[in-house]
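S.K.: After the structure tokens below, expect a handful of questions from me.
The values are calculated or read from the model by the stated rules, or taken from the named source; none is laboratory data. Predicted, not measured: the structure shown is a model, and the values here were computed from it. Positions of Cβ are backbone-derived with ideal geometry, glycine not excepted, and every protein chain shown enters the neighbour counts.
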């Protein structure tokens, strides 16, 4: 009972009142709230540290966020049952009971703007960040003259000028593929800005909301919001469809790119390979990427 077990947490949150995912001194963050509650439930001091699939910025939401945490098996047992495990117990069956109890206890102790949907034992080789194949974000925009439905104001951007979805999609196709996205990222020391953009398209729903779906193997800091901001200027007719592609080719941050507000952005899904490919994927992801000719 003295070994650690790696848990996978699938979670969501309303980012409005959070200063982003990452723990920061004196600020309310998703990581800080989750780790503190996990520490109390599991009776661990200091609390366990979470590794997340994608560190979201202040105000950004998540519906399909994934994190992992390593905890002592004994602490998990103590949190999930009043008697702990005894020799001869069916640990597989007990483990399922412990995880269900832990999920319920987290729901009772976490604030209402963050929810852990499921907790499960992670497969061998799983790393929430490095094993991921892709992340899918959604950005929601309302261009109705009267503004956004008040009940959706925290997740939908109101854009005061009408948007042409055809122009948005025409410009978006020029950004697909593997590129150096330095023009749309805030550089970080030692971090690459090379990413592979798998999907970027726009659809207007029956409710009039325009949804941008953005999928990549990974994203650098502010990348999705910068892409959306540049494309919105095309959608309203202020820039030609070629402009975002020209900015991308420049490979330097362009002052003409406006970063879209955080509240329209939601992390919708993180995809992982089959269990027997998790460790290999993590190894590949850790390598610093360069563009191939």
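S.K.: Kindly establish whether residue 102 is touching a helix residue (DSSP H, G or I) at 6+ places or on another chain (Cβ under 7 Å) and modelled with pLDDT under 95.
M.R.: yes
S.K.: Filtering segment 154-173 down to residues that are more than 19 Å from residue 215 (Cβ to Cβ) and without any contact (Cβ under 8 Å) to a residue 40 or more places away in the chain, which residue is surrounded by the fewest Cβ atoms within 10 Å (Cβ to Cβ)?
M.R.: 160
S.K.: Could I ask something else about it? Checking residue 176 against (1) surrounded by fewer than 22 Cβ atoms within 10 Å (Cβ to Cβ); (2) more than 28 Å from residue 130 (Cα to Cα), which test does it fail?
M.R.: With (1) surrounded by fewer than 22 Cβ atoms within 10 Å (Cβ to Cβ); (2) more than 28 Å from residue 130 (Cα to Cα) applied to residue 176, the lone miss is (2).
S.K.: Considering only helices (runs of 4 or more DSSP H) fully contained in segment 199-293, which possess at least 2 residues that are over 23 Å from residue 65 (Cβ atoms), touching a residue at least 24 places away in the same chain (Cβ under 8 Å) and over 24 Å from the mean Cα position of the chain (by Cα)?
M.R.: Working: elements: 223-235, 243-250, 278-286.
Correct list: 223-235, 243-250.
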